[in-house]
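Right, one structure below, let's go through it.
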Amino acid sequence: MNWRFGLTGSTFDPLMTSHWALAAALLLPLVFGALAAIFPPRRMWPVALACAVILTAGIFLLIDTRQAGVLRWQWEFSGIGVALRLNGVSMLLLLLTQWLGAAAALYTPGLLRISDPERFARWLWPLMGAVISALSLAWVATDLLTLYIALETMGLAAVAMLLLSGQADALLAGMRYLLLTLVGSLAYLLGVALILGYWGRLDLAGLAEVVEPGPVAWVAAALMGAGLALKAALFPLHAWLSPVHSSAWTPVSALHAGLVVKASLFVLLELWSILLFETFWAPRVIAWMGMLAVVWGGLIAWRAESLKTLVASSTVAQLGYLMVVFPLLLGPDISPLARALAWDGFWLQLMGHALAKAAMFMAAGNLILATGEKTLEGLAGTSRRLPLSLLVFGVASVTLMGLPPSAGFTAKWLLLQSMVISGQWWAVAALLVGTLLTAAYIFRFFRYSFMETAPRHRYQPLAPGMDVIALGLALAAFALGLLAHFPLDLLHGGSA
């Protein structure tokens, strides 16, 4: 399993362009965020120029990764080693972070221009840059200390972003989120201390060579798994998720639901592939909680009265799909074909959900901003004046429901094949029930939106590009199902 994360296998010395491109990908979001705090952009074009530089760095890294398969960097500072690597998985996630981060950044000037934000609005830019840089570092880090630094930076910046609106509800939810993420960090550090004290290694590649099944590995995996599950809002540790989105600004919700919660899930899978590979019970427990997450999150979304609560609760259910796959990736007695299908389906589902959920939060934010209404009943009749926002919500919903030809359909098809080959019919049932529940809460929202008898709203015009950016993300998630061979080819090439 470790070769899939690029921890082992043949490597080539990175080219000079790779060094500069990696530095740009990790540091430029911080630099541009700081500059935007000093000189807040009022229009989209300066943001587009900054994003173009970062996206260009990503393209250079993509070219080098496709040629080399795995790129690795190694430094030592005061006796502490730092190791980074780029392979197919980390490259895909880095590109996803850059493009989704660019969409959130491009969306932000329009939002700030028409929403009369608080005086703290300028601090959204450096915090957004910190989140994107920390996410990029988490995808490429290969030691427990660097992973902790990335996760902690990302978590603290995410909490600060959620507090920026200054509303009482946001402050209460944000402080609860801060407390829980610190508890998660403490559990993670306890696991790291146990590993360091017993095996004396922090690097993942070296740890994979010395770890043996036993109580130490199980306790360390449990501690780190609990901390990461809390940070990722995995069921049943998800109660903090919906409240933090209720008052958060739209680009903050898009980044958080699309990327931030995925980082902890990625680290959890990476660490368990070392500590608990081919273990029966631990992946099964995660899968059973995933089944409950699919049902519980779907029911909460179906009963939600607020549009943002509906979208946030949907995230709990969608993460449940990824949890259900854990036995196929880590469990014993799984055929190579079933494991390979589950691996492809897992990452395709993660990418499709990230794009679709960011688009859905942007569409929901546009509807709320234009009407001043937050509840489903208050948004009744919006189809008369906001058809493009509803179109974005609908296209993104196609991916979440798993309808063809979206990324959700292709991912679920791969996962279903793996489940059938492995005979895991309970997982098949969870996937089917989740799809029906997703359709139920999506069509409940649209039933309100197309009510012709609803009173007419006084609409606030949206800034140019706000709907277009959201539509681009929704269409990307839709097209990813048709063009799935491109990311899957990189996934295979970068893992070999």
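Throughout, read-outs are computed from the coordinates displayed, never taken from laboratory work. Computed from a prediction, not measured in an experiment: that's the story for all the values here. Ideal geometry is used to build each Cβ from the backbone, glycine not excepted, and the neighbour counts take in all protein chains shown.
Here are the numbers for this structure:
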| read-out | value |
| --- | --- |
| The stretch 1-277, relative contact order [Cα under 8 Å, separation at least 6], % | 21 |
| The stretch 225-282 versus the stretch 154-199: alpha-carbon centroid distance in Å | 12 |
| Cα-centre dipole for the stretch 76-170 with unit charges at Cβ (Lys and Arg positive, Asp and Glu negative), debye to 20 | 240 |
| Highest to lowest packing among 150-160, 346-356, scored as the average C-beta count within 10 Å | 346-356, 150-160 |
| 16 Å Cα-Cα reach of K357 towards lysines, excluding residues that sit fewer than 8 places from it in its own chain | K262, K308 |
| Share antiparallel - DSSP beta bridges, the chain, percent rounded to 5 | 90 |
| Reciprocal of mean inverse Cα separation for the stretch 255-330 (Kirkwood radius, Å) | 13.0 |
| Relative contact order of the chain, pairs being alpha-carbon contacts under 8 Å that are 6 or more residues apart, as % | 17 |
| Centroid-to-centroid separation of the stretch 53-80 and the stretch 389-465 [C-alpha atoms, Å] | 36 |
| Helix-only mean residue ellipticity at 222 nm for the chain, each DSSP H run of n ≥ 4 adding -39500 (n - 2.57), per residue, nearest 500 | -24500 deg cm²/dmol |
| log10 of Debye I(q)/I(0), alpha-carbon scatterers only, for the chain at 0.08 Å⁻¹ | -0.44 |
| Net length gained if the chain between Y459 and A34 were fully extended (0.36 nm per residue, minus Cα distance) | 149.6 nm |
| Charge dipole magnitude, Cβ of K and R +1, D and E -1 - the stretch 146-298, Cα centre, debye nearest 20 | 300 |
| Where N is the number of residues in the stretch 1-90, Cα Rg divided by 2.2 N^0.38 Å | 1.30 |
| Gyration tensor (alpha-carbon) shape descriptor, the stretch 1-277, a/c threshold 1.5 | oblate |
| Residues whose placed amide H lies under 5 Å from that of D143, excluding near-sequence neighbours | A83, L204 |
